[in-house]
Structures are given as C-alpha cells and as structure tokens.
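Okay, so here's the structure we're looking at.
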Amino acid sequence: MKRESRLKWVILLNVIITASQIVGGIVGNSMALISDAMHNFSDVAALALSLVAIVLAKKEATYSKSFGYKRAEVLAAFVNSAVIIAVAIYIIIESIQRLQISQSLQINNDLVIWLAGIAIVANGLSVVFLAKDAKNSMNMKSAFLHLLSDTLFSVAVLGGGLAMKYYGVTWVDGVLSILIGVYLIATSWRLLWDSAKILMQFVPEGIDIPHLVMEVEQLKEVKNIHHIHIWQLDEYTIHLEAHVDLRKDLNVSETHEIQKRVEELLHTNFSIGHITLQFEHGLDENKKLIQ
Ligand SMILES: [Zn+2]
Ligand SMILES: [Zn+2]
C-alpha cells in the first residue's frame with residue numbers, strides 16, 4: 001500500500017472512532033468519551049490536513065495567485081488548533097460543573113467500556129499501519145508516536161469505565177475529561193502559535209537580523225544592508241527582501257556577481273531560499289534596518 005492510501009485508511013479509522021465516541025458519549029452521558037472523541041477528531045483533522053496539503057502543494061501558481069496555495073496548510077492549522085482549544089475549554093468547564101454533581105450522574109458504563117475498547121483496537125491498527133513509515137520519515141514518526149499516545153488515552157478511558165462499573169466512582173469520568181482537555185490545549189497551543197507566527201510574517205525562529213547584517217556586510221563591495229523584511233511563506237520556504245548599499249557606483253551587470261554571493265551566503269547560513277535585493281549607491285533615503 002502507498003503512503004497516501006495508508007494515510008487514508010488511518011483517517012477513515014479515526015473518523016469511525018470519533019463518530020462512535022461522540023454518539024456514545026451523548027447517549028451514555030460520558031464526558032470522558034466526548035473529550036476522547038474530540039482528541040481523535042483533532043487527529044483526523046491533522047491527518048486530513050497533511051493529505052490536503054499534499055494535493056494542494058501540487059497546484060501551480062497562477063496570475064491571480066502568484067504564491068499558489070502554499071499557505072493553505074498554515075491557515076488550516078491555525079483554524080484547526082483554534083477550534084480544538086475552544087472545544088477543550090468548553091469540555092473542561094462542563095466537566096468541572098459535572099464533577100460537583102457526579103454522585104447523581106447516570107453514566108452508561110458498558111457503553112464507555114465498549115467504545116473505549118473499539119478506540120483502542122482502531123488506534124492500535126493505525127499504529128500498525130504507520131509503523132513502517134515511521135522508520136524513514138520524521139513527519140510519519142511524529143504521527144506514529146501521537147497515535148500511540150492516543151491508544152494510551154483510550155486505555156485510560158477504558159480503565160475509567162471499569163472503575164465506574166465495578167466501584168461506582170463516577171467522578172473518574174470528569175477527571176479524565178479534564179486531563180484530556182488540558183492535554184489538548186497544551187498540544188494545540190504550540191500549533192496555534194507557530195501558524196500565527198507565519199501568518200503574521202514574523203521573522204522565523206533561528207534567524208537573528210543583526211547577525212545576518214554582520215555577515216552580509218563582511219563582503220567588501222557592500223557598504224551596508226538595510227530595509228530588511230524576512231518572512232516564512234509556509235513551513236518550508238523563507239523569503240527575504242532588502243536594500244543593499246554598494247561602495248562603488250557599479251554598472252547593473254556588475255552587481256550580478258555580488259547578488260550571487262549574497263544569495264549563496266543567505267542560503268547556506270540562514271536557509272533563506274527566495275531573495276529579492278535592491279542595489280543602491282548614494283541614494284538619499286531612510287537607511288534604517290527595519291522600517
Ligand atoms: Zn491524538
Ligand atoms: Zn535603501
């Protein structure tokens with residue numbers, strides 16, 4: 001089976017778990033099931049995203065979309081993580097309220113046990129599906145580890161169901177949902193912040209502008225570099241635009257060699273792949289680094 005079709009199977013499995021857990025959670029009155037379902041839903045969304053990204057990335061740029069759809073994945077990751085955080089907050093608030101009346105809650109323990117069991121089997125199958133890819137791709141490895149941790153969550157929900165059934169401790173349901181909610185916020189927060197940084201065109205992590213300036217200004221033809229903008233188009237491509245003051249009033253064709261060297265330097269030392277430079281000599285304007 002190809003990687004893409006294996007990914008599709010894992011998505012299908014997760015959709016089944018999610019749907020059955022949501023229905024089971026509502027019918028069986030179990031917050032733990034609903035929050036575990038939310039967790040599985042966030043996984044489906046993340047997996048579907050990587051599939052959609054694979055498809056969209058193949059689309060060519062056009063006259064009206066000169067960047068193509070390169071930011072679709074970032075935008076989707078932002079919306080996705082924001083929604084998950086909102087739902088997780090709702091789950092936590094709802095669970096705290098339910099904890100106060102946990103004695104009187106009528107939870108269908110058998111449903112919780114069965115659905116958690118199904119989730120364990122389905123997640124376990126997903127782990128097996130991805131195990132082969134996990135060895136040779138970082139992306140797949142993280143998906144693999146994630147599904148493994150999901151399986152453990154469902155084991156916890158199953159344990160909760162058993163505890164409720166045999167010991168009558170109904171507060172377990174609320175405590176488990178709160179823990180899963182906190183875990184969801186903790187993991188989605190990073191994704192929300194990372195995608196927001198790209199959308200806000202912040203300078204990518206690991207690039208220090210003063211350091212970059214120092215390196216470029218070591219080229220003997222370069223007097224200074226100013227009016228710099230650095231941003232990330234998507235997860236993979238970093239863009240830079242800047243003005244470069246030259247020491248001599250060169251012919252345009254003579255600047256090509258300098259441009260090549262600046263590009264090489266920025267590419268090798270800062271992984272910047274898309275560079276636009278404006279060469280100047282004796283131009284009277286604002287030479288601030290950032291403007
Ligand atoms: Zn997960
Ligand atoms: Zn300038």
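The values are calculated or read from the model by the stated rules, or taken from the named source; none is laboratory data. Quick caveat: nothing in here was measured; it's all calculated off a predicted structure. Cβ placement follows ideal geometry from the backbone for every residue including glycine, while neighbour counts extend to all protein chains displayed. For accessibility, only protein heavy atoms count, side chains too; no ligands or nucleic acids. Shrake-Rupley method; radii C 1.70, N 1.55, O 1.52, S 1.80 Å.
A few points about this structure:
- Residue in the range 56-71 that is crowded, with 21+ Cβ neighbours inside 10 Å and either more than 16 Å from ligand 2 (Cβ to nearest atom) or in the same structural domain as Lys165 (by TED's automatic domain parsing) (or both) present: no
- Among the residues making up the range 115-126, those that are open to solvent by 30 Å² or more (accessible area, probe 1.4 Å) and either in contact (Cβ under 8 Å) with a residue 60 or more places away in the chain or basic (Lys, Arg) (or both) are Ile118, Leu125.
- Any hit, the range 31-41, residues being closer than 30 Å to Gly68 by Cβ, part of a helix (DSSP H, G or I) and either at pLDDT 85 or above or under 23 Å from the mean Cα position of the chain (by Cα) (or both): yes
- Residue-level check: of (1) under 15 Å from Ile118 (Cα atoms); (2) open to solvent by less than 40 Å² (accessible area, probe 1.4 Å), Ile16 misses just (2).
- Here Ala186 fulfils each of the conditions (1) among the hydrophobic types (A, V, I, L, M, F, W, C); (2) in the same structural domain as Ser35 (by TED's automatic domain parsing); (3) in contact with a helix residue (DSSP H, G or I) (Cβ under 9 Å, 6 or more places away or on another chain) apart from (3).
- Contact map, the range 226-244: first residue over 20 Å from Glu257 (Cα atoms) and open to solvent by 20 Å² or more (accessible area, probe 1.4 Å), second residue among the basic types (Lys, Arg) and modelled with pLDDT of 90 or more, Cβ cut-off under 8 Å, separation 6 or more or different chains; pairs are His227/Lys287; His227/Lys288; Gln232/Lys197.
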